[in-house]
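Coordinate-derived values only; no laboratory data. This structure is a prediction, so every number in the text was calculated from the model and none was measured. Every residue, glycine as well, gets a Cβ built from its backbone with ideal geometry; the counts of neighbours run over all protein chains shown.
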Amino acid sequence: MTLPTQTYTITRADLVRYAQASGDHNPIHQDESVALSVGLPGVIAHGMFTMALAARAVTTWFPDAEVLSFGCKFTNPVVVPADRGVDVEVAGEVKPGDDGLTTVVLTVTCGGLKVLGMPRAVVRA
């Protein structure tokens, strides 16, 4: 079963708030010149913030479920322009198991590019 795609917009203000909440003040997430100086295409979202948005989609689709596991690999950066936000889209495919658990296979993209590799969650409804 295919789940409806969830879209989340990330702005530079979100990155500042996430840095404050997480304690991750790496300047590549807020300072354009620093990000460019280390070879990035611009300021990038925190990987864990992107992962959290994917987890939010799972809890939106399964609001009363217990999330037993959630994982992914960080494959491509989410570049956040200074003058506007950028959309991250989370799509999901449900794979029910015989054990009462449901695996949700995710596709997380930004600008058509996959930004998380092998993202998946296992939930118990």
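Using the Cα gyration tensor of the stretch 39-87, with a ≥ b ≥ c the square roots of its eigenvalues, what is the shape: rounded (a/c below 1.5), prolate (a/b larger than b/c) or oblate (neither)? Before the final figure, lay out each step's value.
Working: a/c = 4.55, a/b = 2.00, b/c = 2.28.
Oblate, since a/c reaches 1.5 and b/c is not below a/b.
Just check the chain against the gyration tensor rule for me: Cα atoms, a ≥ b ≥ c as the square roots of the eigenvalues, rounded for a/c under 1.5, and otherwise prolate or oblate depending on whether a/b exceeds b/c.
Details: a/c = 2.42, a/b = 2.15, b/c = 1.12.
Prolate shape, in that a/c is at least 1.5 and a/b is the bigger ratio.
With a point put 7 Å past each Cα toward its Cβ, work out how far ASP64 is from THR7 in nm, to one decimal.
Output for this residue pair reads 3.0 nm.
Between THR103 and ASP87, what is the label-point separation in nm under the 7 Å Cα-to-beta-carbon projection?
3.0
Given R₀ = 41 Å, what would the calculated FRET efficiency be for SER37 paired with MET118, taking r from the Cβ atoms and rounding to 0.05?
Details: r = 31 Å, r/R0 = 0.74.
For R0 = 41 Å, the calculated efficiency reads 0.85.
Of the trypsin sites (Lys or Arg not before Pro) in the stretch 39-94, which ones lie in a loop per DSSP and count no more than 15 other C-beta atoms within 10 Å?
Values: sites: ARG56, LYS73, ARG84; in loops: ARG84.
Taking the stretch 39-94 and a limit of 15 other Cβ atoms within 10 Å, the loop trypsin sites (Lys or Arg not before Pro) found are ARG84.
Dipole magnitude of the chain about its Cα centre, charges +1 at Lys/Arg Cβ and -1 at Asp/Glu Cβ only, in debye to the nearest 20?
Values: 9 positive and 12 negative charges, 20 e Å.
Charge dipole of the chain: 100 debye, to the nearest 20.
In deg cm²/dmol, rounded to 500, what helix-only [θ] at 222 nm does the chain give when every DSSP H run of at least 4 residues adds -39500 (n - 2.57) and the total is split over its residues?
Numbers: 3 runs with 32 residues, N = 125.
Result for the chain: -7500 deg cm²/dmol, rounded to the nearest 500.
If I fit a long axis through the Cα atoms of helix 12-22 and take the longest principal axis of the Cα atoms of the chain, what angle between them do I get, 0 to 90°, rounded to 10?
Here the helix axis deviates by roughly 70 degrees.
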